[in-house]
Amino acid sequence: MLSLGQLLIFGLLVNIGSLVKSSDNCTLRPRGSTKFPKNFSLGVATSAYQIEGGWNADGKGPSIWDEFTHENPDRIKDRSNGDSAANSYQLFDLDLKALKELKVDHYRFSIARTRIFPNGDVSSRNQKGIDYYNTVIDKLLANGIEPMVTMYHWDLPAEIQKLGGFTNSVIINYFIAYAEELIINFGDRVKTWITFNEPMQTCKPGYGEGGSAPGIKSPGVGDYICFNNILKAHAATYHLYRSKYFEKQGGRMGITLDTFFGVSKTNNEADVDRALQYLLGILAHPIYSKTGGYPEIMVKDIAKNSQAEGRKVSRLPDFNEYWKATIRGTFDFLGLNFYTSKYVERPSEPLGENPSMLRDYDIEETADPKWLKAKSNWLYCYPLGLEGLLKFVREEYDNVEVKITENGWSDEGELDDNNRILYYKSHLQAVLNAIHDGSNITSYSAWSLVDNFEWSKGYTEKFGLYSVNMKSPKRERVAKKSAIYYRKVIETRSIPDEF
Ligand code: PNW
């Protein structure tokens with residue numbers, strides 16, 4: 001039996017326990033300067049398919065996302081698609097107004113490949129598509145906003161998918177031709193180029209697990225071939241730019257990679273490193289490391305697993321010396337998309353089907369129920385993870401210049417979006433802390449300017465600083481509380497307490 005005193009103490013402890021709110025993990029204390037460095041660029045990001053609409057307007061051809069959503073409405077949570085989305089194709093001026101209100105330094109957006117080359121090939125060149133982006137770029141510059149352009153944000157021309165898409169190496173030459181068209185038309189004004197957005201999300205769900213367009217299920221095989229071809233296409237584009245256009249245009253080029261940060265409950269550094277090599281290193285190591293090629297740990301594991309499956313060659317297609325050398329060093333900066341963290345540990349039983357990336361990865365991911373959770377089931381607020389990732393990048397890739405190209409929070413779309421503000425506050429603080437620790441971070445893009453088509457989640461998860469009235473053909477934009485807060489950040493170049 002517990003005495004009354006013991007019961008009282010027990011009650012008190014339970015109470016103190018419940019005082020630790022999930023939002024407590026979503027704050028960070030400043031360690032150094034509370035101001036962003038003088039030339040630090042603050043902006044917002046979007047992507048073409050998620051906001052533009054006008055899916056077949058003015059000669060645009062179909063992309064794999066047009067086909068995926070039209071042919072498999074069941075695979076989108078609300079059976080929606082990007083046919084009209086926020087209609088930025090016709091209503092860019094509304095976005096521009098919001099960008100001006102926010103006072104951003106830059107705007108990161110992507111170009112729809114199928115507006116430029118409707119069937120993916122140069123022979124289908126579409127002047128109206130080029131005109132649209134000329135207008136966007138000119139209007140941004142006229143308002144003192146730097147355009148930061150992503151060449152490819154997941155919307156592969158459907159015609160190229162007929163050839164196997166990213167699993168066929170012909171993709172490399174198609175991509176170079178497309179990239180050159182962009183450089184020729186826009187490179188006089190665009191000085192920051194991102195070749196690919198998140199190859200991990202193109203290859204793993206697109207060609208491995210099959211949950212995203214083009215929906216190919218080839219785990220542990222198709223995904224690895226896809227990485228290989230994207231890395232080659234990126235490198236070839238970088239070399240083309242440097243050798244033929246850089247002298248005249250003087251811009252800079254990089255790739256955007258995404259990863260979450262792996263946290264070990266038992267402080268097991270090997271687990272943390274393993275997770276990051278598989279999630280980030282597979283794409284970062286070939287480009288950003290001194291030695292090039294895939295991370296050693298992956299080369300070894302996948303060769304061993306492949307052999308055990310009776311294969312003569314590894315499922316991870318390796319580079320020859322020519323490609324290793326050609327890919328290594330093809331960057332002026334690293335674009336990083338960061339959203340969340342997870343606990344990582346080696347599982348007691350093998351995970352996933354055999355073969356698969358998950359089986360090779362051999363890491364179990366869990367979330368902490370104490371972390372503040374967003375609407376997206378994978379997204380938690382744990383800003384220490386961003387600090388951890390930036391430290392990893394600093395040490396692993398020789399303190400490469402980093403641009404945070406996406407960071408954001410999803411909810412139901414409420415205007416009073418206090419959790420989004422908490423998220424931004426703490427993650428901007430992580431950026432400042434990392435800069436204090438020596439990271440070379442030069443820009444930050446909040447994802448996203450407006451609520452948009454969140455891929456297989458349709459319009460059920462909202463990431464915007466601005467709400468979009470999807471019921472009205474005018475698609476009016478309304479500033480959320482977080483937009484007002486972010487403007488304050490940009491105005492003061494600091495992270496204000498109050499909002
Ligand atoms: C990004 N993760 O993808 C994309 O670039 C955007 O198009 C997208 O809207 C945004 O994130 C929000 O989902 C990610 O699992 C997908 O950590 C998954 C992860 C991160 C980013």
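Identify all residues within segment 480-499 that are open to solvent by less than 40 Å² (accessible area, probe 1.4 Å) and either closer than 14 Å to ALA98 by Cα or among the aliphatic types (A, V, I, L, M) (or both); write none if there are none. Let's see the steps before the verdict.
Of segment 480-499, the ones open to solvent by less than 40 Å² (accessible area, probe 1.4 Å) are 480, 482-483, 485-486, 489-490, 494-496.
Selection gives LYS480, SER482, ALA483, TYR485, TYR486, VAL489, ILE490, ILE495.
Contact annotation: residue pairs with Cβ atoms under 8 Å, 6 or more positions apart or on different chains, pairing a residue in segment 139-164 that is open to solvent by 10 Å² or more (accessible area, probe 1.4 Å) and among the acidic types (Asp, Glu) with a partner that is within 16 Å of the ligand (Cβ to nearest atom) and at pLDDT 95 or above, are GLU146/GLY43; GLU146/TYR107. If ASP411 satisfies all but one of (1) away from the ligand (no atom under 14 Å from the Cβ); (2) touching a helix residue (DSSP H, G or I) at 6+ places or on another chain (Cβ under 8 Å); (3) open to solvent by 10 Å² or more (accessible area, probe 1.4 Å), what's the number of the condition it fails? All conditions are met except number (1).
When we screen ASN399, ASN418 for residues that are at pLDDT 95 or above, away from the ligand (no atom under 13 Å from the Cβ), within 17 Å of ILE495 (Cα to Cα) and surrounded by fewer than 20 Cβ atoms within 10 Å (Cβ to Cβ), the only hit is ASN418.
Among what's in segment 252-281 and is in a helix (DSSP H, G or I) and either open to solvent by less than 20 Å² (accessible area, probe 1.4 Å) or among the basic types (Lys, Arg) (or both), pick the residue that is nearest to HIS153 (Cα to Cα).
Going through the qualifying residues, I end up with LEU280.
Please determine whether any residue of segment 332-341 is acidic (Asp, Glu) and in a loop (DSSP other than H, G, I, E, B). Checking segment 332-341: at least one residue is acidic (Asp, Glu) and in a loop (DSSP other than H, G, I, E, B).
Looking across segment 109-123, the residues that are open to solvent by 30 Å² or more (accessible area, probe 1.4 Å) and not aliphatic (A, V, I, L, M) come down to ASN119, ASP121, SER123. Among the residues making up segment 425-461, those that are assigned to a helix (DSSP H, G or I) and among the β-branched types (Val, Ile, Thr) are VAL431, ILE435. Of all residues in segment 177-230, those satisfying the criterion of being farther than 20 Å from GLY120 by Cβ and among the hydroxyl-bearing types (Ser, Thr, Tyr) are THR192, SER218, TYR224. With respect to the conditions (1) under 23 Å from ILE255 (Cβ atoms); (2) of a type in the set (D, E, K, R); (3) in a helix (DSSP H, G or I); (4) open to solvent by 20 Å² or more (accessible area, probe 1.4 Å), ASP360 lacks only one, and its number is (4). Taking segment 442-465 as the range and being away from the ligand (no atom under 15 Å from the Cβ) and open to solvent by 10 Å² or more (accessible area, probe 1.4 Å) as the test, only THR442 passes.
Among all residues of segment 215-222, there is none that is assigned to a helix (DSSP H, G or I) and within 14 Å of TRP154 (Cβ to Cβ).
Considering only residues in segment 466-479 that are open to solvent by less than 30 Å² (accessible area, probe 1.4 Å) and not small (Gly, Ala, Ser), the one that is nearest to PHE92 (Cα to Cα) turns out to be ARG475. Inside segment 25-72, residues that are touching a residue at least 60 places away in the same chain (Cβ under 8 Å), assigned to a loop (DSSP other than H, G, I, E, B) and among the hydrophobic types (A, V, I, L, M, F, W, C) make up a count of 3. For segment 167-190, the criterion of a residue being within 24 Å of the chain's Cα centre (by Cα), at negative phi and within 16 Å of the ligand (Cβ to nearest atom) is satisfied by no position.
Within segment 439-471, how many residues turn out to be touching a helix residue (DSSP H, G or I) at 6+ places or on another chain (Cβ under 7 Å) and in contact (Cβ under 8 Å) with a residue 60 or more places away in the chain?
Filtering segment 439-471 down to residues touching a helix residue (DSSP H, G or I) at 6+ places or on another chain (Cβ under 7 Å) leaves 439, 441, 444, 446, 449-450, 452-453, 456, 465-466.
Narrowing further to those that are in contact (Cβ under 8 Å) with a residue 60 or more places away in the chain: 441, 444, 446, 449-450, 452-453, 456, 465-466.
Result for segment 439-471: 10.
Checking ASP368, ASP332, ASP362 one by one, the residue that is more than 20 Å from the chain's Cα centre (by Cα), among the acidic types (Asp, Glu) and more than 16 Å from the ligand (Cβ to nearest atom) is ASP362 and no other.
The values are calculated or read from the model by the stated rules, or taken from the named source; none is laboratory data. All values derive from a computational prediction rather than experimental measurement. Every residue, glycine as well, gets a Cβ built from its backbone with ideal geometry; the counts of neighbours run over all protein chains shown. When the accessible area is computed, the model is the full protein with side chains, heavy atoms only, and any ligands, DNA or RNA have been set aside. Shrake-Rupley method; radii C 1.70, N 1.55, O 1.52, S 1.80 Å.
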